[in-house]
Structures are given as structure tokens and as C-alpha cells.
Amino acid sequence: MNQQQDQLEALHEIRNIMDRSSRFISLSGLSGVFAGLSALIGAAVVKWYFSQHNINYYNDMASNFSRENVLFVLAIAVGVLVLAFGTATYFTARNARKKNQRTWDNQSKRLLVNLAIPLAAGGVFCAVLLYHGILYLVAPAMLVFYGLALLNGSKYTLGDIRYLGIIQIILGLVASVFVSYGLMLWTLGFGILHIVYGALVYFKYER
């Protein structure tokens, strides 16, 4: 009986080693929390801007959204992206140091490549939507392509990220139908869900 138990423990340890060698497991939950906070701040600024200029999200984006307004929203989106990426890099590097692991290795490279392909395709698609003036579908497209990126990258990091990706895709599809709720669903997906996911990952793997 003891011998069988030892064999099972040995197999379990081998499986853990193989899993660590094929996945980037240093992704920090705190990076998700701060990415969500960045998105909430960005959404709040956009909402304030719309209220100051009497902009109706759906009606104005579907018909007459000025170039200045587009540039402002794009600037906020870029700011959110930079802040989220910066905090993600910091907390992930810190988590990797705690686990005596390298931040930049074959696993992290595979993760970034698999995240980058859907994200790049989504960025081009959103640019095409902007070019054709279909502004109200930009937020749904961002959610869908981001969800696809998470789903694609989940094979190379924590499996929990897969569920976040699926929910983002669902939110994006819902937002593409109920376009007047696009900003609200974007805030839910990139803000609230990131905070919830990040907190769950932090308490599950890092505490």
C-alpha cells in the first residue's frame, strides 16, 4: 500500500514538473486587478467626457461622432493599455522572482505569441471599423478578440484564464446585439471581470 502511494505521489510530482515546463505559471493575479482598475478609470473618464459634451453613446457613435471625440477616446484606450501592460509586467516579474523563475523564457514567449496574434487581428479589425465609421461595433469587437486571445493563450499559462476568455467573448457578442450598452459591457468585461479574476487567481495561487 505504501509503495503504491509513493508511486502515485511520484507520478503527481512528474506531472507538476511537466506542467511547469510547458506553461508560464508566474502570471500574477494582481496584474489582472490593476488592469481592471485601469479600465474602470478609463471608462469613468470617457463617461465624464461624454456627459460634458452631451454625447449619447449609441446615437452619436452611430451617426455623427467628431474626429476630436474619436481621438480622445483612442487616447484614453491607449492610456489604459499602457497602464495595464505596465502593471502586468511589474507584478508578473515580481511573482516570477518569488518563485525563482525567469520572466522571459520559452513559455512566456509562446504565451505572448499566442496572445499577440488574435490581439493584432482585433486591432486591425477595429481600425477598419473606425475607417468605415462603424464606431459602435468597436467595443464589442475589442471584447471578442480579447476573449479569443485569452482562449488561445490559456494553453500556455494558468488554465483559469480560459474561462475569463469565454466570458469576454460572450459579452462581446451580447454587446454587438445590444449596441447601446457597448460602453457598459466593455467596462464590465475589461474592468469588473478583470478585478474578480485577478483576485481569485491571487488568493488561489499566490497567498
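The values are calculated or read from the model by the stated rules, or taken from the named source; none is laboratory data. This is a predicted model, so every value here is computed, not measured. Because the Cβ atoms are built from the backbone with ideal geometry, glycine has one as well, and the counts that use them run over all protein chains shown. Note: areas computed on protein heavy atoms with side chains; ligands, DNA, RNA excluded. Shrake-Rupley method; radii C 1.70, N 1.55, O 1.52, S 1.80 Å.
In summary, helices (runs of 4 or more DSSP H) completely within the stretch 1-108 and bearing 3 or more residues that are at pLDDT 85 or above and aliphatic (A, V, I, L, M) occur at 29-52, 67-98. Right, residue 148: in contact with a helix residue (DSSP H, G or I) (Cβ under 6 Å, 6 or more places away or on another chain) and surrounded by fewer than 20 Cβ atoms within 10 Å (Cβ to Cβ) or not? Answer is no for this residue. Annotation: of all residues in the stretch 152-164 being buried (at least 20 other Cβ atoms within 10 Å of the Cβ) and assigned to a helix (DSSP H, G or I), the one that is modelled with the highest pLDDT is 164.
Answer yes or no: is there a residue in the stretch 113-136 that is among the β-branched types (Val, Ile, Thr) and within 17 Å of residue 33 (Cα to Cα). No; the residues of the stretch 113-136 include none that is among the β-branched types (Val, Ile, Thr) and within 17 Å of residue 33 (Cα to Cα). Tallying residues that are open to solvent by 30 Å² or more (accessible area, probe 1.4 Å) and polar (S, T, N, Q) within the stretch 165-179 yields 1.
Only a single item in (1) surrounded by 21 or more Cβ atoms within 10 Å (Cβ to Cβ); (2) within 25 Å of residue 28 (Cβ to Cβ); (3) touching a residue at least 24 places away in the same chain (Cβ under 8 Å) is not met by residue 182, and it is number (2). Take the conditions (1) without any contact (Cβ under 8 Å) to a residue 60 or more places away in the chain; (2) surrounded by fewer than 16 Cβ atoms within 10 Å (Cβ to Cβ); (3) over 23 Å from residue 29 (Cβ atoms); residue 126 misses just one of them, which is (2). Taking residue 132 as the residue in question, decide whether it is closer than 23 Å to residue 73 by Cβ and open to solvent by 50 Å² or more (accessible area, probe 1.4 Å). Against the criterion (closer than 23 Å to residue 73 by Cβ and open to solvent by 50 Å² or more (accessible area, probe 1.4 Å)), residue 132 qualifies.
Condition first: touching a residue at least 24 places away in the same chain (Cβ under 8 Å) and surrounded by 15 or more Cβ atoms within 10 Å (Cβ to Cβ). Now tell me which residues in the stretch 185-195 satisfy that. Across the stretch 185-195, the qualifying residues are 185, 186, 187, 189, 190, 191, 193, 194, 195. Here residue 111 fulfils each of the conditions (1) over 23 Å from residue 186 (Cβ atoms); (2) open to solvent by 50 Å² or more (accessible area, probe 1.4 Å); (3) touching a residue at least 24 places away in the same chain (Cβ under 8 Å); (4) not charged (D, E, K, R) apart from (2).
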